[in-house]
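Novice: Please read through the structure below; I'll follow up with questions.
The values are calculated or read from the model by the stated rules, or taken from the named source; none is laboratory data. Keep in mind it's a predicted model, so treat the numbers as computed, not measured. Reconstructed Cβ throughout: ideal geometry from the backbone, glycine too, with neighbour counts over all protein chains shown. Calculation scope for accessible area: heavy atoms of the full protein, side chains included, ligands and nucleic acids excluded. Shrake-Rupley method; radii C 1.70, N 1.55, O 1.52, S 1.80 Å.
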Amino acid sequence: MAGLASTEDRGVSAAPLLEGRGVDRRSFLAFCGLMASTLVLPESYVPAIAKALGAAKRPVLVWLEFQDCAGCTESFLRASNPSVGGLVLDTLSINYHETLMAASGKDAEALLKQTVGNERGQYIAVVEGAIPTKDNGVYCTIGGRSALDIAHEVCSNAAAVITVGACAFYGGWPSANPDPTGAVGLGSAMPGTKIVNLPGCPPNGVNITATLVHFLTFGAMPEVDAMGRPLFAYGELIHDSCERRAHFDAGEFVQAWGDDAHRKGWCLYEMGCKGPETHHNCASVRWNDGTNWPVGAGHGCIGCSEPGFFDADTPFYKRLPNVPGFGVQTTADEIGVGIVALTAAAFATHGLISIVRNRLQPEVVDEPTVPVEREEN
Ligand code: SF4
């Protein structure tokens, strides 16, 4: 963030927030700059973000966990620089979070009831995990109440509702075949509810933080696509910003783990990469504070931000069948020609889809449609 003025120079005082955390202004501004770039906002929005994070008012957040592994919570909390990443936690008042709060048992449930009663229409509800619907939801109960019952009470009284992770998005691994509990995402459990979905297994903590920062800064959730996913994080295909894309276009593919092409960093399409059909910003924001991301580390994308990925994208190392022109008997030149035509068509289609999405911007988002299982070609 070279060239940025201090917060005071920009008419913003974040001193109360920085005090006691050992965070210097430069780190704070770098964090605000990261949030602006993740949200695809110009740098001129940095002061507004800094001001929002420095505000005295602390919006209340209620974080529910149902059928999950708590991996989304871990993703949200795992910042290599917790002093800076924790600023958002300090800006929020997290009244209920089973993994984080000290209270337990009846005290915890009383806290939830009190928050929903006192902060009605004011708090942000975050849902992690799927909701079982079979046998009256008996497969996930908390304090004697079903997940479905709790979700209805908390989410219908919230100012904004966010789902984090594939499970809360469409059902995730709990809903994978044979789906013994009838697990569904929040959109299906509560049709007609306005929801912002942050799918992924887990979702990138940067995108969770950026969504909350957007709400804190603008008082509204970011724009979403037809499945309720914020456009800043899910508006583009991984394939279109992948550092291995030039090798895809040139027909240069890894054929076996550890082969010469793998060591050279060639395209992982033949090894089952789902990047050509997966919408996510992993390639640009990366993971672990920008250190790397799965494709960068040599493993193909598994498509975890798309609905139904756990059934539709397995086996994960099976090549996507819907791009013709590939096969052991196909020459590299033929592959290249085929891909150029397909790439042009894909760009045209994606552009059209983006335009339609931008125009639609639905108010209400229901459960995403799970695609039919792919067939091997
Ligand atoms: S197929 Fe995967 S590895 Fe190859 S360019 Fe696309 S996203 Fe990158």
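Novice: Once the convex hull of the C-alpha atoms of the stretch 188-308 is built, how many Å³ does it hold per residue, rounded to a whole number? Could the numbers behind the result be given before it?
Specialist: Values: hull volume 13.6 nm³, N = 121.
Hull volume normalised by residue count: 112 Å³.
Novice: Checking the a/c ratio against 1.5 first, then a/b against b/c, what shape does the Cα gyration tensor give for the stretch 135-265? Please list the in-between numbers first.
Specialist: Numbers: a/c = 3.13, a/b = 1.61, b/c = 1.94.
Taking the square roots of the gyration eigenvalues as a ≥ b ≥ c, the stretch 135-265 is oblate.
Novice: So for the pair Leu100, Arg120, with labels modelled 7 Å out along Cα→Cβ, what separation do we get in nm?
Specialist: Roughly 2.6 nm, to one decimal.
Novice: Treat every Asp and Glu Cβ in the stretch 56-222 as -1 and every Lys and Arg Cβ as +1, leave all other atoms uncharged, and give the resulting dipole magnitude about the Cα centre to the nearest 20 debye.
Specialist: That gives the stretch 56-222 a dipole magnitude of about 380 debye.
Novice: Could you please report the charge total around Ala261, scoring K, R as +1 and D, E as -1 over all other residues with beta-carbon less than 14 angstrom from its beta-carbon?
Specialist: -1
Novice: Right, another one. Heavy-atom accessible area of Lys57 with all protein chains present, probe 1.4 Å, nearest 10 Å²?
Specialist: For Lys57, solvent-accessible area is about 150 Å².
Novice: Could you tell me whether the stretch 56-222 comes out rounded, prolate or oblate from its Cα gyration tensor? Rule is a ≥ b ≥ c as square roots of the eigenvalues, rounded for a/c under 1.5, then prolate if a/b exceeds b/c, otherwise oblate.
Specialist: In terms of gyration-tensor shape, prolate.
Novice: In terms of solvent-accessible area of protein heavy atoms at a 1.4 angstrom probe, what is the ranking of Leu34, Leu186, highest value first? Please list the in-between numbers first.
Specialist: Working: Leu34 70, Leu186 0 Å².
Sorted by accessible area, descending: Leu34, Leu186.
Novice: Okay, moving on. Got a number for the accessible area of Ile195? Probe 1.4 Å, square angstrom, nearest 10.
Specialist: We get 10 Å² for Ile195.
Novice: Quick one: which of 229-242, 146-159 comes out on top by average Cβ neighbours within 10 Å, and what's the full order, highest first?
Specialist: Final packing ranking: 229-242, 146-159.
Novice: Then there is this: Net charge around Leu111, counting only other residues with Cβ within less than 12 Å of its Cβ (Lys, Arg = +1; Asp, Glu = -1)?
Specialist: Residues near Leu111 contribute -2 overall.
Novice: Related question: For the stretch 175-325, what is the charge dipole size about the Cα centre, in debye to the nearest 20, if Lys and Arg each add +1 at the Cβ and Asp and Glu each add -1 at the Cβ?
Specialist: Charge dipole, the stretch 175-325, about its Cα centre: 180 debye, nearest 20.
Novice: Moving on. State which entries of Lys264/Lys318; Lys194/Lys274; Lys57/Lys113 exceed 25 angstrom in Cα-Cα distance in the structure shown.
Specialist: Lys194/Lys274
Novice: What is the sum of charges, Lys and Arg at +1 and Asp and Glu at -1, for the other residues whose Cβ falls under 12 Å from the Cβ of Arg58?
Specialist: Value of the local net charge: -1.
Novice: Further, regarding this structure: Mind checking the per residue accessible area of the stretch 115-208 for me, 1.4 Å probe, whole number of Å²? Walk me through the numbers before you get to the answer.
Specialist: Values: 3150 Å² over 94 residues.
Normalised by residue count, the accessible surface of the stretch 115-208 is 33 Å².
Novice: Follow-up question, since we're still on this one. Counting only protein heavy atoms, what percent of the accessible surface of the stretch 137-240 is carbon or sulfur at a 1.4 Å probe?
Specialist: C and S fraction of accessible area: 54 percent.
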